[in-house]
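Below is one structure, written out as structure tokens; the observations come after it.
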Amino acid sequence: GTMKRRAGEREKELKKKKLLEELGENRLPYLTPADADFHQLWKTKYSKLIFRKSDTVPEELHQMVQESFLTLREHNCFFQDLVRIKGKDFLTPVSRILIGNPGCTYKYLNTRLFTVPWPSEGYDIKYCSPQIHDACKALMRLNNYLHIEAAEALQEQNLFETKEMKDTTVIDRQQSFATSLTEQGSVSKVQSGVCVPEDDRSLKNRTSYNLTLLNYMDPLQMLYLKQEPYFGMGNMAVSWHHDENLVERSVVAVYSYSCEDSAIEEINEQELKGRDPGVWHVGLKVAWDIETPGLAIPLHQGDIYLMLDDLNMTHQHCVLAGLSPRFSSTHRVADSSRGTLEYILGQCELALQNLQTDSDSMALSLKSLEAAVVKQVEEIHNEVEFEWLRQFWFQGKRYLKCTDWWLKPMAKLEEFWRKMEIMTSLVLSEVRKEQQIEEQRNETISCFLLLLKERQKLRKEWTAR
């Protein structure tokens, strides 16, 4: 299924390349709030994007969050990531830091980021300064606020969908979306008790953010920014993409803070075709669709937008650069099934169950040489080395500007890895012995060699990086 999907995506990508060549300078159409059909298009094709203007957010929260951005910038806590795309390394134009639940990680474009933990109950977290502690605490407050906003927005969406299924005529939702960018500034809340209840656990799973990826960029410091290729929307800070590594159909919530200067005034909309290049925008398009116009929505200080349900899968988004520096806090329900410290420690302990120590001689030996057991151990060996230890030490030292929280867990993982190195050499010495049944021995060697080759290949890649 995965191979079919990838082949389909490759085919679509080739079609798009061909289309772009044909387009030349004639780009696809896109709309901004100044266009007459903007709200109608939003309602019909982009209805799972919810916008909240800054005046709907408590002023005290704005102040705390915006101060935390500036604090983290002052302490040089934002870093460009070296990411891997199609076997090549690229430095991201945007600088980032990951803040979230202790022990949580987030992987994108083959790069694993490790959370600077926010001050969670029951954890001993030492920060490099009280200001960094306060910044992480403020972002945890924002996270809790956005969790409630996202849960309400999902409930509201469920109500609309249920009504549409019941009614013979489609309900006009124009007002909800028109007001989202005008005087009211947010979609009106559905009164409690009126909502069709979604399963509480599902609602919580899709809105309980475990981390936020913070972004910072000053466009005037960038020598070169990619041009948006399909619609001609101008400079891009982040290219078209789907967010990766998320719990399926979970809500992504984004708080935007552009450091707008009075010197950078918005251009008169009448004189302008398309979006104002001085103002930051989020761009949206329907994935693999070359007929539906795109949207470019302006982002000002303290605006929030939510990508509900499957919007992140059915649509793509990009970030269009303005002229002023901009921060954003992008809250996600990261898929933590294989991405937490607790998970990888559990895997290591599972692998080490096959190692035993002789009580008299203290000599180490393996309990089993069964192919399935050896395979499982060596897979975990590769996972801890390439998904955790090398990922952390490749870019991880920079986290020490905020906290040393990850050093102890990494030392523990390294200790486990050393034992797994011993286990690998024990397998080698055992399979050299003749007394084993040949068929079992061949099966063990066969799967063992595959994983050793994979390890060697990955070690060469990481050394080159």
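Tabulated data for the structure shown
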quantity	calculated
Within the stretch 342-393, tally of residues that are touching a residue at least 60 places away in the same chain (Cβ under 8 Å), open to solvent by less than 20 Å² (accessible area, probe 1.4 Å) and not polar (S, T, N, Q)	11
In the stretch 425-465, the residues that are under 23 Å from W393 (Cα atoms) and open to solvent by less than 100 Å² (accessible area, probe 1.4 Å)	L451, L452, E454, R455, L458, R459, E461, W462, A464, R465
Residue list for the stretch 122-136, filter: without any contact (Cβ under 8 Å) to a residue 40 or more places away in the chain and either among the charged types (D, E, K, R) or in contact with a helix residue (DSSP H, G or I) (Cβ under 7 Å, 6 or more places away or on another chain) (or both)	D124
Filtered residues of the stretch 85-97 (kept if of a type in the set (D, E, K, R) and either open to solvent by 60 Å² or more (accessible area, probe 1.4 Å) or in contact with a helix residue (DSSP H, G or I) (Cβ under 9 Å, 6 or more places away or on another chain) (or both))	K86, K88
Any hit, the stretch 121-138, residues being surrounded by fewer than 17 Cβ atoms within 10 Å (Cβ to Cβ) and under 23 Å from the mean Cα position of the chain (by Cα)	yes
Test for K397: is it in the same structural domain as S365 (by the TED database), farther than 30 Å from S120 by Cβ, without any contact (Cβ under 8 Å) to a residue 12 or more places away in the chain and not β-branched (V, I, T)	no
One residue from E60, E11 being open to solvent by 80 Å² or more (accessible area, probe 1.4 Å) and modelled with pLDDT of 95 or more	E60
Residue in the stretch 200-234 that is nearest to V251 (Cα to Cα), counting only those that are in contact with a strand residue (DSSP E or B) (Cβ under 7 Å, 6 or more places away or on another chain) and among the charged types (D, E, K, R)	E228
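The values are calculated or read from the model by the stated rules, or taken from the named source; none is laboratory data. Just so it is clear, the model here is predicted, and its values are computed rather than measured. In this analysis, Cβ positions are derived from the backbone assuming ideal geometry, glycine residues included, and neighbour counts consider all displayed protein chains. In case anyone asks, the SASA skips ligands and DNA or RNA and just uses the protein heavy atoms, side chains included. Shrake-Rupley method; radii C 1.70, N 1.55, O 1.52, S 1.80 Å.
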